[in-house]
Every structure is written in C-alpha cells, then in structure tokens.
There are 2 protein chains.
Amino acid sequence: MAQTVASSSEKKLSFREQQHQFRENAILDTVNRLLAQKGYDLMTMDEVAAEVGIAKASLYKHFESKESLAAASMTRFIEEALAMARGLSPHMGALEKLKSVVRWAVRIHLSGTMPSLPSTRSSIQHALLSHQPYVQRLEELTEILGEWIGQAQQTGELSPALPGEVVLYTIYARSCDPVADFLKGGGAFSDDDIVELLVHTCFEGMAKAPSCL
Amino acid sequence: MAQTVASSSEKKLSFREQQHQFRENAILDTVNRLLAQKGYDLMTMDEVAAEVGIAKASLYKHFESKESLAAASMTRFIEEALAMARGLSPHMGALEKLKSVVRWAVRIHLSGTMPSLPSTRSSIQHALLSHQPYVQRLEELTEILGEWIGQAQQTGELSPALPGEVVLYTIYARSCDPVADFLKGGGAFSDDDIVELLVHTCFEGMAKAPSCL
DNA sequence: GTCTATAAACCGATAGAC
DNA sequence: GTCTATCGGTTTATAGAC
C-alpha cells in the first residue's frame with residue numbers, strides 16, 4: 001500500500017516534471033525559430049511569450065534571463081548535434097562523417113530552426129562562453145570533429161597541410177552559412193540542392209564539378 | 001571684379017562643401033568601425049556621436065536616420081570595392097581577379113573596418129534594399145563579378161557545372177566570413193596567413209594542400 | 001551647424017494578486 | 001505557476017537656445 005501510494009506520488013511528480021519539461025521544450029522550440037529568424041538582439045521576451053502563448057512573467061519562472069534562455073536554446077541544439085554525430089555509422093569514413101555533420105546542420109539551418117548566432121558581433125556571444133553547460137558540450141563536439149579531421153588528414157581525404165583549426169572553424173561556419181539563405185531566397189534550388197552545393201563548395205571548392213545537379 | 005567675387009564665393013562655398021564632405025567621411029569611418037565591431041543593432045547613435053566628437057543632434061543634421069547612416073556607410077564601401085575591382089590589371093586572369101577581390105575584402109574585414117551586416121537577420125537588411133544608391137552599386141559590382149565568373153568557367157578555372165549564383169554568393173559570403181575572426185582570435189596566424197587560408201579553402205576546398213604555409 | 005534637454009517608444013525584468 | 005500592471009533603463013529622434 002505504502003509502496004502504491006509512493007509510486008502514485010512518484011508518478012504524479014514525474015508527470016508534473018514531464019509537463020514542465022514539455023513546456024520548456026515548447027519554449028525552446030519557439031526560441032530556436034526566433035533566433036534563426038531575427039537573431040538574439042532583435043528577439044524580444046514579449047515576442048517569445050506571445051508566440052508560446054504564455055505571459056512574459058511566466059517565462060521568467062522557467063528561465064531567469066534572456067541570456068540564459070538563449071543559452072539553453074543553444075545548449076539543446078549542440079546536444080542534438082552531439083547525438084547526431086555519435087549516431088553516425090562507425091563504418092563511414094572520417095570525411096563522410098564530417099560531410100554528414102555539415103549536411104545535417106545546413107538542413108536544419110534551411111528549415112529555419114537553427115538558433116545560430118551569426119558571428120562575433122552578437123551581444124550574447126560573451127555570455128555563452130560563460131555558460132558552462134554550453135561550453136562543455138561544444139568542447140565535446142569539437143573533440144569528436146577534431147578526431148575525424150585528423151583521421152581524414154591521415155588518409156589524405158583532407159589536406160594534412162591545412163591546420164586543423166582552419167578545417168574545424170570552416171565546418172562550423174558553413175553550418176550556418178548565409179549562402180544557404182541567399183540561394184533559398186533566390187528560389188531556383190530545392191533545399192536538397194542547396195545542401196549538396198554547400199557541402200561541395202565547402203570541401204571541394206569551386207574548381208571541381210559538383211557530383212549533384 | 002564680379003568674377004573675382006564670384007570665384008571667391010565659389011571657393012568659399014567649395015571649401016565649406018569640402019569641410020562638409022570631410023566631416024561626413026570622418027563620421028562614416030567611425031560608423032564602419034562600429035558596424036564591424038558590434039553590428040547594426042548594437043551600434044547606437046550616442047556612441048557614433050561620442051566617437052566622432054560631436055553631439056548627437058549634429059549627427060542628425062548630416063544623416064536623417066540611423067538607417068540612412070548605415071546605408072551611406074555600406075554604399076561608400078561598395079564604391080571602394082568597385083574602384084578596387086575596376087583598378088585590377090586587365091592582364092590578370094578572371095580567376096585571379098576574383099581571388100583578388102576576396103583577398104582585398106578579407107583584409108579589410110581583418111582590419112576591423114568592414115561595415116558588413118553578418119546575415120539576413122539584421123534589421124537594416126530590408127532598409128538597405130530600398131536604398132537606391134546602394135542597390136545600384138551592388139548591381140554594378142555583381143555585373144563585373146558575374147562577367148569574371150563566366151570567363152573563369154569558360155576557361156575551366158571554375159567549374160562550368162557550378163551555377164553562377166552559387167559562385168557569386170560564395171564570394172560575397174567569404175568576404176565577411178566569421179572564420180577569419182575565429183582564426184584571428186586564435187592568435188596562431190598572421191593576417192596574411194588568414195587571408196591566404198581563406199582564399200584557398202574558398203576556391204580550392206580542403207582536400208588540396210594550400211600553396212602558402 | 002552645434003549644443004543641452006527632452007520627448008516618445010521599446011525592452012528586460014519584477015511586484016503582487018490569484 | 002500564471003496572470004496584469006508597472007518600474008527602470010536605454011535608444012532613436014527632435015525641440016529650441018545659441
């Protein structure tokens with residue numbers, strides 16, 4: 001009996017916690033979209049609250065500040081990237097893994113739900129680097145990518161003469177490349193085309209013919 | 001006599017106009033730097049006035065709004081790019097001309113005086129496209145680059161299978177690529193190294209060894 | 001044209017009732 | 001936890017004296 005009550009109480013608590021998590025995920029979904037559309041500085045807390053369908057004060061019960069809200073959004077995104085990277089088949093070559101990561105990121109970017117901060121210029125960049133959960137996951141991802149970069153350089157799939165940091169930063173930057181937005185705005189290409197074109201120019205440059213199209 | 005007076009009057013007017021132009025150029029220099037450092041949304045008119053050394057109200061005697069100020073800054077920058085492109089030796093190959101443009105832009109980017117708006121996300125992007133002087137010059141530059149791209153594709157220096165828009169957008173995007181900021185922040189490379197690394201990955205990709213380093 | 005002072009709007013964050 | 005109402009600060013832009 002006592003066990004049943006305890007179990008029931010546990011279930012109820014777990015259910016509330018689940019609802020809490022569900023609500024927070026809904027908030028973060030909205031934040032991801034708004035960050036993708038307008039960026040951090042132009043996104044307002046009023047707007048987030050209105051789109052989620054709650055009052056602004058309620059938003060502050062979940063996240064203590066605008067900065068921590070954006071940091072949570074970015075952290076969740078990196079977690080998804082980590083899960084994606086770790087889920088890649090171990091039979092893939094290192095270069096193919098790296099391309100898969102860029103493909104995945106560009107596709108999310110094109111769907112309008114990548115909470116990327118475009119550059120060093122955003123006011124949140126500094127706050128993010130003080131947000132331990134974000135930094136930690138970013139380091140994990142960097143370590144995974146760094147390993148693959150080293151492997152691809154050993155096999156010659158990537159030039160060993162190219163500093164690893166250059167490859168890493170380039171991969172990160174191509175994942176939220178404005179070229180994708182421009183091409184999408186032009187309307188001449190499908191999302192799949194844009195993904196392949198971007199991955200091609202990123203790794204093969206512009207002298208070699210793309211395998212797609 | 002009348003001529004002398006007229007001439008003197010003309011000279012005085014011209015001098016005042018020159019001073020006016022000089023002041024406006026000083027303002028635009030400051031704006032370029034602030035736009036490069038913080039971007040449009042985070043740049044404030046108070047800040048611009050303070051750094052120029054004039055009162056904010058005086059700023060509004062030169063430019064009627066923050067939007068028109070940023071638009072003037074961007075327009076002047078495109079004019080410099082046009083002058084640079086038109087000044088390239090006619091003996092250069094088309095590909096070498098394109099690379100020279102990217103080299104020039106990345107160098108300015110690294111110097112911290114490129115008034116680039118990082119992406120589609122800035123609130124000024126829409127206003128810029130309604131600013132006729134800017135749009136016109138951007139079209140002129142696009143036409144020049146488009147011609148070179150076509151030539152480079154005919155000689156096979158660039159892949160003819162790659163859509164021209166992809167090449168054009170890529171060149172524009174690499175000119176203010178955040179990779180340059182990351183590498184500069186890392187401190188391991190000189191500005192010249194960064195320029196060559198970026199130009200190399202842009203045109204040759206990451207499989208081929210860079211000619212520099 | 002340059003200044004000081006201020007208007008008008010917006011935004012992040014909080015108080016306090018329920 | 002959710003709401004309404006509001007505070008405090010910042011920003012763009014302008015009024016008016018000089």
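With respect to A:R23, determine if the residue is farther than 25 Å from A:L141 by Cβ and charged (D, E, K, R).
yes
Here are the criteria: (1) without any contact (Cβ under 8 Å) to a residue 40 or more places away in the chain; (2) within 13 Å of chain A (Cβ to nearest Cβ). Tell me which single one B:S130 does not satisfy.
(2) is the only condition that B:S130 fails.
What tally of residues in the range A:146-155 results from selecting those that are surrounded by 13 or more Cβ atoms within 10 Å (Cβ to Cβ), touching a residue at least 40 places away in the same chain (Cβ under 8 Å) and within 13 Å of chain B (Cβ to nearest Cβ)?
The qualifying residues number 3.
What number of residues in the range A:116-152 are of a type outside the set (A, V, I, L, M, F, W, C) and under 16 Å from A:S65 (Cβ atoms)?
Going through the range A:116-152 one residue at a time, the tally reaches 9.
Residue check: is B:E140 open to solvent by 40 Å² or more (accessible area, probe 1.4 Å) and either without any contact (Cβ under 8 Å) to a residue 12 or more places away in the chain or under 30 Å from B:E47 (Cα atoms) (or both)?
no
Out of all the residues in the range B:19-74, which are basic (K, R), more than 17 Å from B:M114 (Cα to Cα), modelled with pLDDT of 95 or more and open to solvent by 50 Å² or more (accessible area, probe 1.4 Å)? Step through it out loud before you land on a result.
First, pick out the residues of the range B:19-74 that are basic (K, R): B:23, B:33, B:38, B:56, B:61, B:66.
Within this subset, residues satisfying the condition of being more than 17 Å from B:M114 (Cα to Cα) are B:23, B:56, B:61, B:66.
Adding the requirement that they be modelled with pLDDT of 95 or more leaves B:56, B:61, B:66.
Residues satisfying the conditions are B:K56, B:K61.
Suppose we filter the range A:112-121 for residues that are touching a residue at least 60 places away in the same chain (Cβ under 8 Å) and open to solvent by 20 Å² or more (accessible area, probe 1.4 Å); how many remain?
Count: 4.
Restrict the check to the range A:192-203 and report whether at least one residue is farther than 21 Å from A:L88 by Cα and of a type outside the set (A, V, I, L, M, F, W, C).
Within the range A:192-203 (the criterion being farther than 21 Å from A:L88 by Cα and of a type outside the set (A, V, I, L, M, F, W, C)), the answer is yes, since at least one residue qualifies.
Only one residue in A:A209, A:A180 is over 30 Å from B:H126 (Cα atoms) and out of contact with any Lys or Arg (no Cβ under 7 Å at 6 or more places or on another chain). Which one? If you could, list the steps in order and put the result at the bottom.
Values: A:A180 fails: over 30 Å from B:H126 (Cα atoms).
Going through A:A209, A:A180 in turn, the sole match is A:A209.
Looking at the range B:28-119, what helices (runs of 4 or more DSSP H) fall wholly within it and have at least 2 residues that are away from chain A (no Cβ under 14 Å) and away from DNA strand C (no atom under 16 Å from the Cβ)?
B:66-86, B:94-110
How about the range A:88-111: which of its residues are within 23 Å of A:Q154 (Cα to Cα) and either under 10 Å from the mean Cα position of the chain (by Cα) or without any contact (Cβ under 8 Å) to a residue 24 or more places away in the chain (or both)?
Answer for the range A:88-111, where residues must be within 23 Å of A:Q154 (Cα to Cα) and either under 10 Å from the mean Cα position of the chain (by Cα) or without any contact (Cβ under 8 Å) to a residue 24 or more places away in the chain (or both): A:L88, A:S89, A:P90, A:H91, A:M92, A:E96, A:S100.
Let me spell it out: the conditions are (1) hydrophobic (A, V, I, L, M, F, W, C); (2) buried (at least 22 other Cβ atoms within 10 Å of the Cβ); (3) away from every other protein chain (no Cβ under 13 Å), and B:V135 meets all of them except one. Which number is the exception?
Of (1) hydrophobic (A, V, I, L, M, F, W, C); (2) buried (at least 22 other Cβ atoms within 10 Å of the Cβ); (3) away from every other protein chain (no Cβ under 13 Å), only one is false for B:V135: (2).
Looking at (1) under 28 Å from B:Q37 (Cβ atoms); (2) under 14 Å from the mean Cα position of the chain (by Cα), which is the one condition that is false for A:A81?
Going through the list (1) under 28 Å from B:Q37 (Cβ atoms); (2) under 14 Å from the mean Cα position of the chain (by Cα), A:A81 breaks only (1).
With the requirement that a residue be among the hydrophobic types (A, V, I, L, M, F, W, C) and either within 16 Å of DNA strand D (Cβ to nearest atom) or modelled with pLDDT of 60 or more (or both), what does the range B:1-18 give you?
Residues of the range B:1-18 that are among the hydrophobic types (A, V, I, L, M, F, W, C), as a first pass: B:1-2, B:5-6, B:13, B:15.
Of everything in the range B:1-18, those that are among the hydrophobic types (A, V, I, L, M, F, W, C) and either within 16 Å of DNA strand D (Cβ to nearest atom) or modelled with pLDDT of 60 or more (or both) turn out to be B:L13, B:F15.
The values are calculated or read from the model by the stated rules, or taken from the named source; none is laboratory data. Keep in mind the model is a prediction, meaning the values are calculated, not measured. So basically every Cβ, Gly included, is an ideal-geometry build from the backbone, and we count neighbours across all protein chains shown. Protein only, heavy atoms only, side chains kept; ligands, DNA and RNA dropped before computing areas. Shrake-Rupley method; radii C 1.70, N 1.55, O 1.52, S 1.80 Å.
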